[in-house]
1. In what sequence, largest accessible area first, do ASP48, ASP34 appear using a 1.4 Å probe?
2. Determine, from the Cβ-Cβ distance of GLU31 and GLU75 and an R0 of 30 Å, the FRET efficiency 1/(1 + (r/R0)^6), rounded to the nearest 0.05.
Amino acid sequence: MQIPRANEKPRDSSNFVAAEVAGAYGDEAVELLDRAVGIEWYRQHGTDVDRAAFALCRLRRARAGERGAPQAGDEAVRAVLAEARPEAVLWLASRAISHMDESGFPEAIEPWLPETDTLIP
C-alpha cells in the first residue's frame, strides 16, 4: 500500500494553530501532573490525574498535527514528562496501565504475543 504524499516535503506549519495549542496543553499537563499524585481514580472520574492524561493526549495530537508526524507528538509528551516530578510520572503511568487493562489492551495485543502464555503459569 502506498501512503499518499509520503514522498512530499513536510508542510510549513509555522503559522499553524496547533503550535499555540500544544504549548498550552504542555504547560497545563505539568501543573496537573504535580497535583495528580495520590489522586484515586476508581470512585471519581475527571480528577487531576485524568485531566493530566487528557492534556497529554491533546498535546500529542496537536504537536503531531503541527509537525506532520506522530513521532513529534510522542516527543512532546516525553518532554513534558521529563519536566514533571518522578512520583507524578509514576502515578500517571499507574493510571494509564489501569485504564489500558480495563479497556481490554491485554486481550487486543495477545494475538501478537503468543509467548505470553508462558509468563503466568
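The values are calculated or read from the model by the stated rules, or taken from the named source; none is laboratory data. For clarity, every value in this text was computed on a predicted model and none was experimentally measured. As a convention, Cβ positions derive from the backbone with ideal geometry for all residues, glycine included, and neighbour counts pool all protein chains shown. Side chains are part of the model used for accessible areas, which takes the heavy atoms of the whole protein and leaves out ligands, DNA and RNA. Shrake-Rupley method; radii C 1.70, N 1.55, O 1.52, S 1.80 Å.
1. ASP34, ASP48
2. 0.90
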